[in-house]
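Input: a single structure, listed below in structure tokens.
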Amino acid sequence: MQFSALLALILLVIAGPLAAQEARKPEPSATHHEVAHHEAPHHEEPRHETPKHPAPAHKPPARHTPPAKPSTPPAHNPAAAPAAVTPAPAAVPAPSSTPTEPPKGSNTGLPLPRFASLKTDEVNLRTGPGLRYPIEWVYKRRDLPVEIQREFEVWRLVADQEGVKGWVHQATLVGRRTFVSVGVEQVIRSSAEDTASAVARLKPGVIGRIRSCDAKADWCQVQVGEYRGWLKREAFWGTYPGEAIQ
């Protein structure tokens, strides 16, 4: 009996401090339990904390698509343009019925250009209007037709049927109208008809005299040596289209 009481006293002495220590120990809260539960190994993705003031969502810039090119240029709309004050057009004078006169030579007052012919069998063609200019060509064909294009004192700028140009003295020219046959063989006929009989046949380069041409006529009366007849304008060089020669 005495031994039992002693054993109970010893147990009481030992259990007293343990009970007091256990009473002082805080109880685990529900929050701590939950945290402990989440700290266990897990394979979930980490959660990101949401800020109190969320930033505005970023909208990606819209892709710029260039406008399609029109297949045809846009039509001009005059109504869309600002109104402008347009001055009234000036009155255009009516064309005169009087034909314009051709230019005239500064020395002779004769029309330019005009035809003439070489007066002698030897005519010097110079590069300029004066004896100081060199001789470029010597013509040795009397009555060769040339076209006078300019005048300078006593000198005349002339051109032949081949387009060769140069200056000759006025004393070497004469106003007699002549022609030179061109192209293939040409036929002088007894009348101004293609079916008329042939009077003479001319080789290219033959020189003759123009006796007359009616205005705008296709045929001219010509003479080569002792042969006289009619020759088409297109068969020779020495007149202007439709020119009248008497």
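Applying the selection to the range 108-135, what residues are in a loop (DSSP other than H, G, I, E, B) and among the aromatic types (Phe, Trp, Tyr)?
If the condition is that a residue be in a loop (DSSP other than H, G, I, E, B) and among the aromatic types (Phe, Trp, Tyr), then Tyr133 is the only one that fits.
Filter the strands (runs of 3 or more DSSP E) completely within the range 136-177 down to those with at least 1 residues that are surrounded by fewer than 19 Cβ atoms within 10 Å (Cβ to Cβ), in contact with a strand residue (DSSP E or B) (Cβ under 9 Å, 6 or more places away or on another chain) and at pLDDT below 95.
Once the strands (runs of 3 or more DSSP E) in the range 136-177 are filtered for at least 1 residues that are surrounded by fewer than 19 Cβ atoms within 10 Å (Cβ to Cβ), in contact with a strand residue (DSSP E or B) (Cβ under 9 Å, 6 or more places away or on another chain) and at pLDDT below 95, nothing remains.
Take the range 120-135 and flag every residue that is without any contact (Cβ under 8 Å) to a residue 12 or more places away in the chain and either surrounded by 17 or more Cβ atoms within 10 Å (Cβ to Cβ) or aliphatic (A, V, I, L, M) (or both).
Once the filter is applied, which keeps residues that are without any contact (Cβ under 8 Å) to a residue 12 or more places away in the chain and either surrounded by 17 or more Cβ atoms within 10 Å (Cβ to Cβ) or aliphatic (A, V, I, L, M) (or both), the range 120-135 yields Leu131, Ile135.
May I ask you to list pairs of residues, at least six apart or on different chains, whose Cβ atoms are under 7 Å apart, with the first in the range 165-176 being in contact (Cβ under 8 Å) with a residue 24 or more places away in the chain and the second being surrounded by fewer than 16 Cβ atoms within 10 Å (Cβ to Cβ) and in a strand (DSSP E or B)?
Here the result reads Gly166/Glu136; Gly166/Trp137, each pair linking the range 165-176 to a residue that is surrounded by fewer than 16 Cβ atoms within 10 Å (Cβ to Cβ) and in a strand (DSSP E or B).
The values are calculated or read from the model by the stated rules, or taken from the named source; none is laboratory data. Note that the structure is predicted; figures quoted are calculated from it, not measured. Every residue, glycine as well, gets a Cβ built from its backbone with ideal geometry; the counts of neighbours run over all protein chains shown.
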